[in-house]
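Have a look at the structure below before the remarks.
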There are 2 protein chains.
Amino acid sequence: MSRFARSALIIIDVQKAIDASYHSVQGPRNNIDAESKIARLLAKWRTDKRMIVHIRHDSMFAESAYRPGQDGNCFKEEVVPLPGETVIAKTTNNAFTGTLLEELLRASHTQRLVIVGVSTNNNNSVEATVRMAGNLGFDTYLVSDACFTFAKRDYFGRLRSADEVHAMSLANLGGEYCTIIETKALLRP
Amino acid sequence: MSRFARSALIIIDVQKAIDASYHSVQGPRNNIDAESKIARLLAKWRTDKRMIVHIRHDSMFAESAYRPGQDGNCFKEEVVPLPGETVIAKTTNNAFTGTLLEELLRASHTQRLVIVGVSTNNNNSVEATVRMAGNLGFDTYLVSDACFTFAKRDYFGRLRSADEVHAMSLANLGGEYCTIIETKALLRP
């Protein structure tokens, strides 16, 4: 049996809003096939009848494309939940804060988490959720090619590409809060 | 009255262990005067009788210099708590997880936090605590020159200097989880 047989796939904030142009004002995103990889993982979790949790960001900021009531709040086509699948709405960066995600995982005796989504380091945040998952004691896996981010200037004004931002975030997380893994390792039978 | 008159100074993991050589295997730290700046902030908070919280990391890992029972677990000279000052011990990266820090702040009606310490991005983590503080709704300030970090290789193996790692962490935090500020702005009368 796969060591992921009892793991939960947690898909973070893969909503249409992530394509809003303001996310890429400093430069384009990386991992342009991340959504298709997430879709393949989602298909496998469904086939294997493993736990799936869809996280939806409901921004409270008027100017956010993630604010409810707009098309941006909807899930991207590749990851639309099926009837009966769990959807947890959040209003902060971190999927554990102000939600019942931890209670849901504890109640179902789920100890291993596989996390994918956007963006790797910031905003609707994979990183904030992974840090919290690790600190809460979950055995947490982050799928490096099933998340992505955008170019960004650092505090001193140096422009970093999306790949550079992504790689520093993964380095901060791996080994300390989670194990970094690739999609292909999770798709093996 | 200063807008920081009712703020809490939260000093994270400024213990002798941070000088252990394994922290700098990829290259030296930055902000070599961070401890003296923290000491100046601590002196001001004491003079002004503002709230101070010392966070101590009690590592559960046998090989960690932060493990209790070793000299490394002791606070650095510049920030040794005075009798009567609050010390909160933690065992994860994040000072809010598994501690009563949030309860202490809520009970004292403290809404504004000023965070300093080590390391900016990782391990005994300023970043994990700042992300959580922001998500819990605290009005959080991070003092850019009163924290520091170490050189680190990113996920693709590129070596980044401590200043580069520090600057990317601050860019991820500022405006999203906290306001970045400098020591001198906090020392004004």
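The values are calculated or read from the model by the stated rules, or taken from the named source; none is laboratory data. Values in this document were obtained by computation on a predicted structure and should not be read as measured data. Positions of Cβ are backbone-derived with ideal geometry, glycine not excepted, and every protein chain shown enters the neighbour counts. Just the protein is used for accessible areas: all its heavy atoms, side chains included, with ligands, DNA and RNA removed. Shrake-Rupley method; radii C 1.70, N 1.55, O 1.52, S 1.80 Å.
Could you sort out which of A:LYS90/B:LYS16; A:LYS49/B:LYS152; A:LYS152/B:LYS49; B:LYS16/B:LYS152 sit more than 29 Å apart by Cα distance in this structure? Walk me through the numbers on the way to the answer.
On the way: A:LYS90/B:LYS16 39 Å; A:LYS49/B:LYS152 40 Å; A:LYS152/B:LYS49 40 Å; B:LYS16/B:LYS152 20 Å.
Distance filter (> 29 Å) returns A:LYS90/B:LYS16; A:LYS49/B:LYS152; A:LYS152/B:LYS49.
For peptide A:86-98, what's the mean number of Cβ atoms from other chains within 10 Å of each residue's Cβ? Can you show the working numbers first?
Values: counts 0, 0, 0, 0, 1, 1, 7, 6, 6, 0, 3, 7, 3.
Partner Cβ neighbours, averaged per residue: 3.
Between the label point of A:PRO28 and that of the same position in each other copy, find the distances and list them shortest first in nm, with every label point placed 7 Å from Cα along the Cα-to-C-beta direction.
Copy-to-copy label distances at A:PRO28, shortest first: 4.0 nm.
Shortest first and in nm with one decimal, please list how far the B:VAL80 label point sits from its counterparts in the other copies (point 7 Å along Cα→Cβ).
6.6
Taking the Cα-to-Cβ direction at A:LEU100 and at B:ASP71 and moving 7 Å from each Cα, how far apart do the two end points lie in nm?
5.3
Look at the axis of the rotation that sends chain B onto chain A, then give the chain B residue with the nearest Cβ and the distance in whole Å.
Taking Cβ atoms only, the nearest residue and its distance are B:MET168, 3.
So, with a 1.4 angstrom probe, what is the percent of accessible area on the stretch A:1-147 that is carbon and sulfur? Before the final figure, lay out each step's value.
On the way: 3300 of 6070 Å².
On the stretch A:1-147, the fraction of accessible area on carbon and sulfur atoms equals 54 percent.
For the stretch A:142-189, what is the convex hull volume of the alpha-carbon atoms per residue, in Å³? Provide the component values of the computation, followed by the final result.
Values: hull volume 3.1 nm³, N = 48.
That works out to 65 Å³ per residue.
Give the average, rounded to an integer, of partner chain Cβ atoms located within 10 angstrom of each Cβ in A:155-161. Mind dumping the intermediate values first?
Numbers: counts 14, 7, 2, 5, 0, 6, 0.
Mean partner-chain Cβ count within 10 Å for A:155-161: 5.
Counting only protein heavy atoms and rolling a 1.4 Å probe, how much accessible area do B and A lose on contact, total for both sides, in Å² to 100? Walk me through the intermediate numbers first.
Working: alone 9310 and 9290 Å², together 15700 Å².
Buried surface at the B/A interface: approximately 2900 Å².
Please report the spacing between the Cα centers of the stretch B:1-32 and the stretch B:156-176 in Å, no decimals.
Computed from Cα coordinates, the inter-centre distance equals 16 Å.
Per q in 0.10, 0.12 1/Å, what log10 I(q)/I(0) does a Debye calculation on the alpha-carbon atoms of the protein assembly as shown return?
-0.62, -0.90
Residues of the stretch A:29-43 with the amide nitrogen closer than 18 Å to a label point 7 Å from the Cα of A:LEU187, along Cα-to-Cβ, please.
A:31-43
Quick one: Debye curve from the alpha-carbon atoms of the stretch B:1-116 only, equal weights, vacuum; give me log10 I(q)/I(0) at q = 0.17 Å⁻¹ to two decimals.
Ignoring solvent entirely, the Cα scatterers give -0.89.
Per DSSP helix of 4 or more residues, -39500 (n - 2.57); summed, then divided by the residues of chain A. What does that give at 222 nm, rounded to the nearest 500? Each step should come with its number before you reach the end.
Values: 5 runs with 48 residues, N = 189.
So the calculated ellipticity at 222 nm is -7500 deg cm²/dmol.
How large is the Kirkwood hydrodynamic radius of the stretch B:32-189, counting all unique pairs of alpha carbons, in Å?
Details: mean 1/r = 0.0612 Å⁻¹.
Computed over the stretch B:32-189, the radius equals 16.3 Å.
Taking a label point 7 Å from Cα toward Cβ, how far is B:PRO189 from its twins in the other copies, in nm, shortest first?
Result, one decimal in nm: 7.9.
Could you please report the charge total around B:SER161, scoring K, R as +1 and D, E as -1 over all other residues with beta-carbon less than 15 angstrom from its beta-carbon?
Details: positive: A:ARG158, A:ARG160, B:ARG29, B:LYS152, B:ARG153, B:ARG158, B:ARG160; negative: A:ASP154, A:GLU164, B:ASP154, B:ASP163, B:GLU164.
Here the charged neighbours net out to +2.
Taking 0.36 nm per residue of separation and subtracting the Cα-Cα distance, what length does fully extending A:ALA43 through A:GLU85 add? It would help to have the intermediate numbers written out before the result.
Working: separation 42, 0.36 × 42 = 15.12 nm, distance 1.27 nm.
This chain segment gains 13.8 nm when fully extended.
Quick check of the Kirkwood formula: for the stretch A:82-156, what is the inverse mean of 1/r over all pairs of different Cα atoms, in Å?
Details: mean 1/r = 0.0745 Å⁻¹.
For the stretch A:82-156, the Kirkwood estimate is 13.4 Å.
Kindly report the accessible area of chain B per residue (heavy atoms of protein chains, probe 1.4 Å, no ligands, DNA or RNA), in Å². If you can, show how the numbers build up before the last one.
Values: 7860 Å² over 189 residues.
Result: 42 Å² of accessible area for each residue.
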